[in-house]
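Here is the structure we will look at.
The values are calculated or read from the model by the stated rules, or taken from the named source; none is laboratory data. On a predicted model such as this, the values are computed, not experimentally measured, just so you know. With ideal geometry, Cβ positions are generated from the backbone for all residues, glycine too; neighbour counts draw on all protein chains shown.
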Amino acid sequence: MEKLDKYIINKIFTVPYFDKMIYENSVPESFIKCVKRYVKLESATVGEAVSEIYHFMDCEYRNEYFYKNTVLNQLLIKKHDLYNTAALTELPIGDSKADFIMINGRGVVYEIKTDLDNLLRLENQIRDYYKVFNYVYVVVGNKQLSHVKEFLKGQKVGIYELTSNGKLICRKTAFCNRDNLSYDTMFQVLRKAEFESILLKHFHKLPVVNSFQYYRECQKWLRRINITTLQKDVMECLKARTLLFVEDKLEENVPYELRFYAYFSKKVRSDYQKIDTFWNSRMGG
(Lines give C-alpha, C1' and ligand atoms only; values in the text may rest on other atoms or scores of the structure.)
Protein backbone atom coordinates (compact mmCIF):
# COMPACT_ATOMS: atom_id res chain seq x y z
CA MET A 1 0.00 0.00 0.00
CA GLU A 2 1.25 3.48 -0.84
CA LYS A 3 2.29 5.77 1.99
CA LEU A 4 -0.41 8.28 0.98
CA ASP A 5 -3.11 5.62 1.30
CA LYS A 6 -1.98 4.77 4.85
CA TYR A 7 -1.92 8.44 5.77
CA ILE A 8 -5.49 9.00 4.54
CA ILE A 9 -6.87 5.97 6.37
CA ASN A 10 -5.09 6.93 9.60
CA LYS A 11 -6.39 10.48 9.24
CA ILE A 12 -10.00 9.43 8.66
CA PHE A 13 -10.29 6.96 11.50
CA THR A 14 -9.80 9.44 14.32
CA VAL A 15 -12.21 11.14 16.69
CA PRO A 16 -11.53 14.71 15.38
CA TYR A 17 -12.05 13.66 11.74
CA PHE A 18 -15.40 11.96 12.38
CA ASP A 19 -16.41 14.88 14.63
CA LYS A 20 -15.82 17.25 11.72
CA MET A 21 -17.74 15.11 9.24
CA ILE A 22 -20.71 14.54 11.53
CA TYR A 23 -21.07 17.97 13.11
CA GLU A 24 -20.27 20.03 10.03
CA ASN A 25 -22.31 17.67 7.86
CA SER A 26 -19.53 17.60 5.27
CA VAL A 27 -17.66 14.94 3.32
CA PRO A 28 -14.00 16.05 2.96
CA GLU A 29 -12.05 15.51 -0.24
CA SER A 30 -9.68 13.13 1.56
CA PHE A 31 -12.62 10.88 2.48
CA ILE A 32 -13.93 10.88 -1.11
CA LYS A 33 -10.42 10.05 -2.37
CA CYS A 34 -10.25 7.12 0.06
CA VAL A 35 -13.70 5.92 -1.00
CA LYS A 36 -12.76 6.00 -4.68
CA ARG A 37 -9.68 3.94 -3.88
CA TYR A 38 -11.33 1.22 -1.77
CA VAL A 39 -15.11 1.27 -2.20
CA LYS A 40 -16.68 -0.47 -5.18
CA LEU A 41 -20.25 0.54 -4.36
CA GLU A 42 -21.96 3.07 -6.60
CA SER A 43 -24.00 5.78 -4.89
CA ALA A 44 -23.00 4.37 -1.51
CA THR A 45 -24.15 5.80 1.78
CA VAL A 46 -21.44 7.20 4.01
CA GLY A 47 -22.01 4.23 6.34
CA GLU A 48 -21.51 1.73 3.51
CA ALA A 49 -18.31 3.54 2.54
CA VAL A 50 -17.00 3.52 6.12
CA SER A 51 -17.84 -0.20 6.41
CA GLU A 52 -16.00 -1.02 3.19
CA ILE A 53 -12.89 0.88 4.25
CA TYR A 54 -13.05 -0.75 7.68
CA HIS A 55 -13.28 -4.17 6.01
CA PHE A 56 -10.20 -3.31 3.95
CA MET A 57 -8.41 -2.35 7.19
CA ASP A 58 -9.35 -5.71 8.68
CA CYS A 59 -7.87 -7.57 5.72
CA GLU A 60 -4.89 -5.40 4.85
CA TYR A 61 -4.13 -2.61 7.31
CA ARG A 62 -5.01 -3.10 10.96
CA ASN A 63 -4.00 0.24 12.37
CA GLU A 64 -4.34 1.58 15.91
CA TYR A 65 -7.98 2.63 15.49
CA PHE A 66 -8.87 -0.89 14.33
CA TYR A 67 -7.22 -2.40 17.41
CA LYS A 68 -8.80 0.08 19.82
CA ASN A 69 -12.25 -0.39 18.31
CA THR A 70 -11.83 -4.17 18.57
CA VAL A 71 -10.77 -3.95 22.23
CA LEU A 72 -13.79 -1.76 22.99
CA ASN A 73 -16.22 -4.08 21.19
CA GLN A 74 -14.86 -7.44 22.29
CA LEU A 75 -13.58 -6.70 25.79
CA LEU A 76 -15.51 -3.70 27.11
CA ILE A 77 -18.90 -4.40 25.51
CA LYS A 78 -18.91 -8.21 25.29
CA LYS A 79 -16.89 -9.31 28.33
CA HIS A 80 -17.55 -6.49 30.80
CA ASP A 81 -20.54 -4.43 31.84
CA LEU A 82 -20.45 -1.35 29.64
CA TYR A 83 -22.33 0.62 32.28
CA ASN A 84 -20.24 -0.37 35.30
CA THR A 85 -16.88 -0.31 33.54
CA ALA A 86 -15.30 2.89 32.24
CA ALA A 87 -12.72 3.17 29.47
CA LEU A 88 -10.08 5.81 28.83
CA THR A 89 -7.71 6.28 25.92
CA GLU A 90 -4.41 8.12 25.46
CA LEU A 91 -4.07 8.83 29.19
CA PRO A 92 -0.65 10.37 29.94
CA ILE A 93 1.17 8.31 32.59
CA GLY A 94 4.73 9.33 33.32
CA ASP A 95 6.47 9.65 29.96
CA SER A 96 3.97 7.35 28.22
CA LYS A 97 0.37 7.43 26.98
CA ALA A 98 -1.82 4.41 27.69
CA ASP A 99 -3.62 3.27 24.54
CA PHE A 100 -6.68 1.83 26.28
CA ILE A 101 -7.66 1.50 29.94
CA MET A 102 -10.65 -0.22 31.51
CA ILE A 103 -11.66 0.45 35.10
CA ASN A 104 -14.19 -1.51 37.09
CA GLY A 105 -13.14 -2.68 40.54
CA ARG A 106 -9.59 -2.59 39.21
CA GLY A 107 -7.82 -0.73 36.46
CA VAL A 108 -6.29 -2.57 33.50
CA VAL A 109 -4.03 -1.03 30.84
CA TYR A 110 -4.06 -2.42 27.29
CA GLU A 111 -0.95 -1.36 25.37
CA ILE A 112 -1.43 -1.91 21.64
CA LYS A 113 1.42 -3.02 19.41
CA THR A 114 0.08 -3.49 15.89
CA ASP A 115 2.06 -5.32 13.24
CA LEU A 116 3.01 -1.82 12.06
CA ASP A 117 4.70 -0.96 15.39
CA ASN A 118 8.06 -1.77 16.93
CA LEU A 119 8.73 -2.74 20.54
CA LEU A 120 11.42 -0.17 21.30
CA ARG A 121 9.43 1.75 23.92
CA LEU A 122 7.50 -1.16 25.42
CA GLU A 123 9.72 -1.69 28.46
CA ASN A 124 9.50 1.96 29.52
CA GLN A 125 5.76 2.08 28.82
CA ILE A 126 5.08 -0.93 31.04
CA ARG A 127 7.23 0.57 33.80
CA ASP A 128 5.19 3.79 33.64
CA TYR A 129 1.81 2.01 33.69
CA TYR A 130 2.69 0.06 36.83
CA LYS A 131 3.17 3.38 38.66
CA VAL A 132 -0.63 3.83 38.60
CA PHE A 133 -2.19 0.47 37.62
CA ASN A 134 -1.74 -3.11 38.85
CA TYR A 135 -2.60 -4.94 35.63
CA VAL A 136 -1.11 -4.52 32.15
CA TYR A 137 -1.83 -6.38 28.92
CA VAL A 138 -0.06 -6.02 25.58
CA VAL A 139 -2.37 -6.46 22.58
CA VAL A 140 -0.63 -7.75 19.45
CA GLY A 141 -1.22 -9.38 16.09
CA ASN A 142 0.22 -12.76 15.13
CA LYS A 143 3.33 -11.20 13.61
CA GLN A 144 4.35 -9.68 16.97
CA LEU A 145 3.13 -12.51 19.22
CA SER A 146 6.29 -14.60 19.50
CA HIS A 147 8.50 -11.51 19.99
CA VAL A 148 6.26 -10.16 22.74
CA LYS A 149 5.99 -13.56 24.47
CA GLU A 150 9.77 -13.74 24.60
CA PHE A 151 10.09 -10.12 25.68
CA LEU A 152 7.61 -10.57 28.56
CA LYS A 153 8.85 -13.97 29.74
CA GLY A 154 8.84 -14.09 33.54
CA GLN A 155 6.90 -10.82 33.85
CA LYS A 156 3.40 -10.28 35.24
CA VAL A 157 2.26 -8.57 32.03
CA GLY A 158 -0.49 -10.36 30.08
CA ILE A 159 -0.91 -10.78 26.32
CA TYR A 160 -3.93 -10.63 24.02
CA GLU A 161 -3.62 -11.68 20.39
CA LEU A 162 -5.83 -10.17 17.70
CA THR A 163 -6.08 -13.21 15.43
CA SER A 164 -6.40 -13.26 11.66
CA ASN A 165 -10.15 -13.89 11.97
CA GLY A 166 -10.56 -10.80 14.17
CA LYS A 167 -10.92 -12.46 17.58
CA LEU A 168 -9.13 -11.22 20.69
CA ILE A 169 -7.71 -14.22 22.51
CA CYS A 170 -5.89 -14.10 25.85
CA ARG A 171 -2.53 -15.84 25.34
CA LYS A 172 -1.09 -14.94 28.76
CA THR A 173 -2.97 -13.86 31.88
CA ALA A 174 -1.84 -10.68 33.62
CA PHE A 175 -1.05 -10.91 37.33
CA CYS A 176 -1.30 -8.17 39.94
CA ASN A 177 1.79 -6.00 40.42
CA ARG A 178 1.67 -3.41 43.22
CA ASP A 179 5.43 -3.07 43.58
CA ASN A 180 5.88 0.07 41.49
CA LEU A 181 3.03 2.36 42.57
CA SER A 182 4.11 6.00 42.64
CA TYR A 183 2.53 8.87 44.59
CA ASP A 184 3.95 11.43 42.17
CA THR A 185 2.68 9.70 39.02
CA MET A 186 -0.79 9.15 40.49
CA PHE A 187 -0.94 12.82 41.44
CA GLN A 188 -0.01 13.78 37.87
CA VAL A 189 -2.86 11.80 36.28
CA LEU A 190 -5.45 13.52 38.48
CA ARG A 191 -7.25 16.73 37.61
CA LYS A 192 -7.37 19.50 40.23
CA ALA A 193 -10.98 18.78 41.22
CA GLU A 194 -10.15 15.09 41.52
CA PHE A 195 -7.19 15.35 43.88
CA GLU A 196 -9.08 17.96 45.90
CA SER A 197 -12.00 15.53 46.30
CA ILE A 198 -9.57 12.88 47.59
CA LEU A 199 -8.01 15.29 50.07
CA LEU A 200 -11.43 16.37 51.33
CA LYS A 201 -12.45 12.73 51.73
CA HIS A 202 -9.41 11.94 53.90
CA PHE A 203 -8.65 15.24 55.66
CA HIS A 204 -11.98 17.13 55.44
CA LYS A 205 -10.11 20.27 54.38
CA LEU A 206 -7.69 21.60 51.77
CA PRO A 207 -4.27 23.26 52.26
CA VAL A 208 -4.43 26.98 53.00
CA VAL A 209 -1.37 28.31 51.19
CA ASN A 210 -0.72 30.69 48.32
CA SER A 211 -1.38 29.53 44.75
CA PHE A 212 2.35 29.09 44.09
CA GLN A 213 2.63 26.52 46.89
CA TYR A 214 -0.81 24.94 46.52
CA TYR A 215 -0.06 22.05 44.16
CA ARG A 216 3.10 21.08 46.00
CA GLU A 217 1.28 21.13 49.33
CA CYS A 218 -1.59 19.02 47.94
CA GLN A 219 0.97 16.53 46.67
CA LYS A 220 2.53 16.37 50.16
CA TRP A 221 -0.85 15.69 51.74
CA LEU A 222 -1.60 12.89 49.30
CA ARG A 223 1.63 11.20 50.36
CA ARG A 224 0.16 10.83 53.85
CA ILE A 225 -2.53 8.47 52.48
CA ASN A 226 -1.75 4.75 52.30
CA ILE A 227 -0.65 4.20 48.69
CA THR A 228 -3.05 1.30 48.04
CA THR A 229 -5.93 3.36 49.45
CA LEU A 230 -4.89 6.29 47.26
CA GLN A 231 -4.81 4.07 44.20
CA LYS A 232 -8.42 3.01 44.84
CA ASP A 233 -9.41 6.66 45.09
CA VAL A 234 -7.58 7.42 41.84
CA MET A 235 -9.43 4.57 40.09
CA GLU A 236 -12.77 5.98 41.26
CA CYS A 237 -11.87 9.42 39.90
CA LEU A 238 -10.74 8.07 36.53
CA LYS A 239 -13.79 5.81 36.26
CA ALA A 240 -16.13 8.76 36.79
CA ARG A 241 -14.68 10.58 33.76
CA THR A 242 -16.26 8.40 31.06
CA LEU A 243 -18.79 6.02 32.63
CA LEU A 244 -21.91 5.73 30.46
CA PHE A 245 -25.50 5.63 31.64
CA VAL A 246 -27.56 2.50 31.00
CA GLU A 247 -30.07 4.48 28.94
CA ASP A 248 -27.31 5.48 26.50
CA LYS A 249 -27.43 2.00 24.86
CA LEU A 250 -24.31 2.67 22.80
CA GLU A 251 -24.02 -0.92 21.59
CA GLU A 252 -27.59 -0.80 20.21
CA ASN A 253 -27.45 2.66 18.64
CA VAL A 254 -23.99 2.91 17.12
CA PRO A 255 -22.56 0.86 14.21
CA TYR A 256 -19.71 -1.51 15.16
CA GLU A 257 -17.13 0.47 13.18
CA LEU A 258 -17.81 3.75 15.00
CA ARG A 259 -18.21 2.60 18.61
CA PHE A 260 -14.72 3.66 19.64
CA TYR A 261 -15.40 7.06 18.08
CA ALA A 262 -18.82 7.41 19.73
CA TYR A 263 -17.50 6.42 23.14
CA PHE A 264 -14.60 8.88 23.17
CA SER A 265 -15.99 11.83 21.22
CA LYS A 266 -16.68 14.71 23.60
CA LYS A 267 -19.13 16.11 21.07
CA VAL A 268 -21.31 13.02 20.72
CA ARG A 269 -21.96 12.20 24.37
CA SER A 270 -25.14 10.20 23.79
CA ASP A 271 -26.42 12.10 20.75
CA TYR A 272 -26.42 8.97 18.62
CA GLN A 273 -29.08 10.34 16.26
CA LYS A 274 -26.37 12.52 14.71
CA ILE A 275 -24.30 9.41 13.97
CA ASP A 276 -27.33 7.65 12.49
CA THR A 277 -28.07 10.58 10.17
CA PHE A 278 -24.42 10.71 9.10
CA TRP A 279 -24.26 6.94 8.60
CA ASN A 280 -27.31 6.85 6.33
CA SER A 281 -26.56 9.98 4.29
CA ARG A 282 -25.56 9.65 0.65
CA MET A 283 -22.04 10.43 -0.49
CA GLY A 284 -23.39 13.13 -2.75
CA GLY A 285 -24.85 15.03 0.22
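For Ile225, which of the numbered conditions (1) surrounded by fewer than 16 Cβ atoms within 10 Å (Cβ to Cβ); (2) over 20 Å from Gln74 (Cα atoms); (3) touching a residue at least 24 places away in the same chain (Cβ under 8 Å) fails to hold?
Exception for Ile225: condition (1).
Are any residues in the stretch 1-31 farther than 25 Å from Asp271 by Cβ, at pLDDT below 85 and not aromatic (Phe, Trp, Tyr), and if so, which ones?
Within the stretch 1-31, Met1, Glu2, Lys3, Leu4, Asp5, Lys6 meet the criteria.
Identify the single condition in (1) part of a helix (DSSP H, G or I); (2) in the same structural domain as Asp99 (by TED's automatic domain parsing); (3) among the hydrophobic types (A, V, I, L, M, F, W, C) that Cys237 does not satisfy, given that it satisfies every other one.
(2)
If the Cβ limit is 8 Å and pairs must be 6+ apart or interchain, which residue in the stretch 117-128 that is at pLDDT below 95 pairs with which residue that is of a type outside the set (A, V, I, L, M) and part of a helix (DSSP H, G or I)?
Note: pairs meeting the criteria are Asp117/Gln144; Leu119/Gln144; Leu119/His147; Leu119/Phe151.
What's the total number of residues in the stretch 18-47 that are assigned to a helix (DSSP H, G or I) and either buried (at least 17 other Cβ atoms within 10 Å of the Cβ) or among the aliphatic types (A, V, I, L, M) (or both)?
10
Which of the residues spanning the stretch 243-265 are closer than 20 Å to Phe66 by Cα and free of Cβ contacts under 8 Å to residues at least 24 places away in the same chain?
Matches in the stretch 243-265: Glu252, Asn253, Val254, Ala262.
Tally time: how many residues in the stretch 148-174 are without any contact (Cβ under 8 Å) to a residue 40 or more places away in the chain and either touching a Phe, Trp or Tyr at 6+ places or on another chain (Cβ under 8 Å) or in a helix (DSSP H, G or I) (or both)?
Selection size over the stretch 148-174: 11.
Looking at this structure, is Glu257 of a type in the set (Asp, Glu) and surrounded by 19 or more Cβ atoms within 10 Å (Cβ to Cβ)?
The answer is yes for Glu257.
Being hydroxyl-bearing (Ser, Thr, Tyr) and surrounded by fewer than 20 Cβ atoms within 10 Å (Cβ to Cβ) is the filter here; which residues of the stretch 119-149 pass it?
Matches in the stretch 119-149: Ser146 only.
Residues that are touching a residue at least 60 places away in the same chain (Cβ under 8 Å) and surrounded by fewer than 15 Cβ atoms within 10 Å (Cβ to Cβ): list the strands (runs of 3 or more DSSP E) wholly contained in the stretch 51-110 that include at least 1 such residues.
Qualifying strands (runs of 3 or more DSSP E): 91-93.
Hey, could you check the stretch 166-185 for residues that are within 21 Å of the chain's Cα centre (by Cα) and basic (Lys, Arg) and say which is surrounded by the fewest Cβ atoms within 10 Å (Cβ to Cβ)?
Filtering first and then ranking leaves Lys167.
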